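Asker: I am attaching a structure below and will ask some questions about it afterwards.
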Amino acid sequence: MARHCACCGKPFAPRPQVPEQAYCSAPGCQRARKRRWQRAKLQSDPDYRDNQRAAQQAWSQRNPDYWRDYRETQPDYVQRNRERQRSRNQGRAGDLAKMDACDLPTGLYRITRHPAFPRENGDSWVVEIAPLCVTCPCKMDMCKERT
Ligand SMILES: [Zn+2]
């Protein structure tokens, strides 16, 4: 009787020794089966969870230099990480550059809390940004003649 693999969905014939077999014998599907089993076991079995954690800690203590050595022996990995970080940073700078492209010209501005939102409390204020007239004696908002 054909059965469909719980991972790849392809039909397969369960082995007679494993009548409940839910995954086909493809290596990827067997890895998926093991991962799912471990995840379920970690959630359902506190002893298994403790054992796994203890084993990982013991391994880290036996191999304290693993990651340092890994970086030293895998310059490609370090380089790749750096480049990924750099492109992430550039992504952010790109966003900032886009913000600079808005209509507000460079200059002096006065930021005041907007009167329509006098009682705003918390982390943010609603503000008004008014261009400031530095050359004009009024030293106040941009003169109407100049705009
Ligand atoms: Zn499969």
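The values are calculated or read from the model by the stated rules, or taken from the named source; none is laboratory data. On a predicted model such as this, the values are computed, not experimentally measured, just so you know. All Cβ positions, even for glycine, are placed from backbone atoms using ideal geometry, and neighbour counts span all protein chains on display.
Asker: For residues in segment 2-52 being within 10 Å of the ligand (Cβ to nearest atom), among the small types (Gly, Ala, Ser) and outside any loop (DSSP other than H, G, I, E, B), which is surrounded by the most Cβ atoms within 10 Å (Cβ to Cβ)? Show your work before the answer.
Answerer: Quick first cut of segment 2-52, residues within 10 Å of the ligand (Cβ to nearest atom) only: 4-12, 22-30, 32-33.
Within this subset, residues satisfying the condition of being among the small types (Gly, Ala, Ser) are 6, 9, 22, 25-26, 28, 32.
When the remaining residues are screened for being outside any loop (DSSP other than H, G, I, E, B), the result is 28, 32.
Values: Gly28: 11, Ala32: 16.
Filtering first and then ranking leaves Ala32.
Asker: Output the residues belonging to segment 103-116 that are at pLDDT 70 or above and surrounded by 10 or more Cβ atoms within 10 Å (Cβ to Cβ).
Answerer: Across segment 103-116, the qualifying residues are Gly107, Leu108, Tyr109, Arg110, Ile111, Thr112, Arg113, His114.
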